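Take a look at the structure below.
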Amino acid sequence: MKIVSVAEMREIDRESSERFGVPSLTLMEKAGSSVARFVVCAYPQAERVGVVCGKGNNGGDGFVAARKLLAAGRAVRVLLLSDPAELRGDAALMFQSMMKSLQPSNISSNAAPVIVHEVGELDSSEAAEIFAADVIVDAILGTGFRPPVSDLYAAAISKINAARAPIVAVDIPSGADADAMQPVGSTDGNARKARADAIVTFTAPRPAHVFGALTSGSTVIAPIGSPPEAVISKLGLHLTTPADLSSLLSPREREGNKGSYGHVLVIGGSLGKAGAAAMAGFAALRAGAGLSTIATPKSVLPTIAGFHPELMTEPLAETAQGTISLLALESGLNTILEHKTLAIGPGISRNPETAEFVRAIVAREGKFIVVDADGLNAFEGAVDKLDGRGRTVVITPHPGEMARLTGLSIAEIQANRIEIARKFAREHALIVVLKGHRTLIAAPDSTVWVNPTGNPGMATGGTGDILTGIVAGMLAQHPQHPLEATALAVYLHGLAGDLASESVGEGSLVATDLIRFLPQAFAATRDWKSEEIRIHA
């Protein structure tokens, strides 16, 4: 699913109608119907719905939603921030359609729209009734809005923000910049941006839907009839969805065996950090790899061997500090590495000799390598040696590790995550998984996939090691599709975290909970059938 700019979305709507023959009224009808359907499903106990409409197409979507909600048996009242004579095009037609749906008996029972022209009229008893509804639909301004917000609209937004009811935004919270690539912050003191508890947008997300932190709840992306051929974007940004990944989740062949699904080798662990390598190795198995071996300092091996009986182990020469020694390069390691997908770094330590070992291993011509944690820190000041040309290399840094690789500050990384990840992936010919809220998967061709799953409960030790194992496990199974396999791994990792959070809560979540809920994440992704995509806050 492409992420598109406001200008691109405008062109998509135009192309849908003019080139592909989808009437603009049909697009608006489906958009408003999607909003109504969401309100009915998300707030089944809400009897009174207030719909606050501007005079543009966003208001037209609101008129459709009001008509559909009336048909669904809700007590609906519309507040129009304009003279009806000022409505134009599709919005005017949908207003007329809504009015026809209001029978005389309904009008007499207080269903007629409330028309407001001046700020002071928002204090009327009729307007106050709308802002006191059980749910309020914000259909004032859409994604095509450009500042400033008029005084009347700003006053209505202020009333919405002060309301106690949940707010459902049509397309985007009124007053927000849909092209924003950074969180827009809370509602400002001038009340020029509406709050939202949910958003229903259409066809494809704009950047702010993904990165803007516009809502405390979900953002639903509903299809309204634009054909895929019309959805064109130059942003190079894709939102990861189950539909993008379904081909990698096909049933296994009946004749398959453990050799059919790849062998992951995790090189990692050190004295006191054995668990990181063990979790990565077991996560690879849970992700579907046929075999998983952990090569680790010989004194650490018993701890890892006791973690799970399915894990195989290989002892490596070690330093006096219980980390992997350079001597390990001389002890038949080539045979151990052969025909395996390599994951290096979990728990490996920052010992200088071990760092030199890491650089030597990654410099070899392994076909599939995942580098994480202190495996990445080994390249601080030697980033030129981190190269993926002629093979598949995936790195999975958090912002601190990315800062060490690039020489930038963490603040600089966070302020420009997309372009930094994109540039690093392009210059080093590898896949960058830049972890964090909305983890990014940047490819050497500058394409960036944005992951919508995951939650703050995953900010706990070991979850990155789990991700490393899942990525390696997916690469082992799908070597012909490394970018898609990596995106799927990140998606499943976050979804497992979401499922775990629902079960144990964000505060109590620990890394191994992700392994426990990974099978459910697989099932939910494989069995996904909805046409709508939902992004959680």
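Listed by position, the helices (runs of 4 or more DSSP H) enclosed by region 238-326 that each have at least 1 residues that are charged (D, E, K, R) and either free of Cβ contacts under 8 Å to residues at least 40 places away in the same chain or within 17 Å of I466 (Cα to Cα) (or both) are 274-286.
Here the condition is being assigned by TED's automatic domain parsing to the domain that holds I167, more than 21 Å from I172 (Cα to Cα) and buried (at least 17 other Cβ atoms within 10 Å of the Cβ); of L70, L87, L141, it holds for L70 alone. Within region 1-46, the residues that satisfy the criterion of being surrounded by fewer than 22 Cβ atoms within 10 Å (Cβ to Cβ) and touching an Asp or Glu at 6+ places or on another chain (Cβ under 6 Å) are S5, V6, S24, L25, A46.
Selection of region 206-223 for residues being part of a loop (DSSP other than H, G, I, E, B) and surrounded by fewer than 21 Cβ atoms within 10 Å (Cβ to Cβ) yields A213, S216, G217, P223.
Filtering region 66-92 to residues that are in contact with a Phe, Trp or Tyr (Cβ under 9 Å, 6 or more places away or on another chain) and either more than 17 Å from H117 (Cα to Cα) or in a helix (DSSP H, G or I) (or both) leaves P84, A91. When I535, I470, I466, I441 are checked against the criterion of being of a type outside the set (D, E), crowded, with 22+ Cβ neighbours inside 10 Å and either in the same structural domain as T219 (by TED's automatic domain parsing) or outside any helix (DSSP H, G or I) (or both), a single residue qualifies: I441. Annotation: K423 fulfils all but one of (1) more than 22 Å from D445 (Cβ to Cβ); (2) free of Cβ contacts under 8 Å to residues at least 12 places away in the same chain; (3) of a type in the set (D, E, K, R); the unmet one is (1).
When each of G388, G366, G400, G306 is tested for being under 22 Å from A289 (Cβ atoms) and within 29 Å of the chain's Cα centre (by Cα), the lone residue that passes is G388.
The values are calculated or read from the model by the stated rules, or taken from the named source; none is laboratory data. What you are looking at is a predicted structure, and each value in this text was computed from that prediction instead of being measured. For neighbour counting, all protein chains shown are included, and Cβ atoms are generated from backbone atoms with ideal geometry for every residue, glycine included.
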